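Bear in mind that the values in this text are calculations on the coordinates, not laboratory data. It should be emphasised that the depicted structure is a prediction, and the values quoted were computed from it without experimental measurement. Don't worry about glycine lacking a Cβ; one is built from the backbone with ideal geometry, like all the others, and counts go over all protein chains shown.
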Amino acid sequence: MAIKRMDNVLICVDDLDAVIAFFVELGMELEGKGPLDWPEAERIIGLEGVQQDVAMLRVPDGPGRVELAKFHRPAAIRSEPEDAPVNTLGIRRMMFLVDDIDDVVARLRGHGAELVGEIVPYENLYRLCYVRGPEGIVVGLSEELG
């Protein structure tokens, strides 16, 4: 028995539109956005009286997806500092391969993003960096060299 694919990663957010804009600027495509009107979802997530909006974004020409959820009820809770450092336990980042890392970083800065550290070469294969976007979301960027 083997895993067939990873369908998506869920990120709970407070400002759904700002995070959508950040990921669209990164190059993802918005598949859909709206209220989650599926009562059985409560049985899956183990919460009652759920009211939420969701958005699904996808990587162009690829299977990767990011699902965003804005909980109206029950209210979302914060379990760590807003701008947790990358050595905080839990999921810290997603990484995306991009064509031009400098261009992507510049465009994401227009959405309030900041470099966590620096853009650094890795063994003449890649240029790598971490960018912190809205709500403290960290994405890794890599650009192939050569």
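Things to note:
- Couplings 3J(HN,Hα) for region 2-10, derived from phi with the Karplus relation 6.51 cos²θ - 1.76 cosθ + 1.60 (θ = phi - 60°), are 9, 5, 8, 5, 9, 6, 6, 10, 9 Hz, where x marks Gly and Pro.
- Among beta bridges identified by DSSP and lying wholly in region 82-144, the antiparallel ones come to about 75 percent.
- Mean residue ellipticity (222 nm) of the chain, computed from DSSP H runs ≥ 4 via -39,500 (n - 2.57), nearest 500: -4500 deg cm²/dmol
- The chain: antiparallel DSSP beta bridges as a percent of all, rounded to 5: 75
- Each Lys and Arg contributes +1 and each Asp and Glu -1, all at the Cβ; summed about the Cα centre of region 9-73, the dipole is approximately 100 debye.
- About the Cα centre, charge dipole magnitude for the chain (Lys/Arg +1, Asp/Glu -1 at Cβ), debye: 380
- 5 angstrom amide H check on CYS12, placed H, neighbours 5+ away: ALA69
- Extension reserve of the MET56-GLU118 stretch, reckoned as 0.36 nm per residue once the Cα distance is removed: 19.4 nm
- Gyration tensor (alpha-carbon) shape descriptor, region 81-146, a/c threshold 1.5: oblate
- Per-residue Karplus couplings for region 68-85, computed as 6.51 cos²θ - 1.76 cosθ + 1.60 with θ equal to phi - 60°, are listed in order as 10, 10, 10, 7, 8, 8, x, 4, 5, 10, 9, 9, 7, x, 4, 10, 4, x Hz, Gly and Pro entered as x.
- Charge dipole magnitude, Cβ of K and R +1, D and E -1 - region 94-144, Cα centre, debye nearest 20: 220
- Sequence-separation-based contact order of the chain, relative, with Cα cut under 8 Å and 6+ spacing, percent: 23
- Rounded FRET efficiency, nearest 0.05, which uses the C-beta distance separating ARG5 from TYR126 and R0 of 25 Å: 0.55
- Over the chain, equivalent-ellipsoid semi-axes from the Cα gyration tensor in Å: 29, 17, 15
- On the basis of the beta-carbon distance and an R0 of 35 Å, VAL24 and ARG78 show a calculated FRET efficiency of 0.90.
- Relative to the dominant Cα principal axis of the chain, helix 16-26 is inclined by about 30°.
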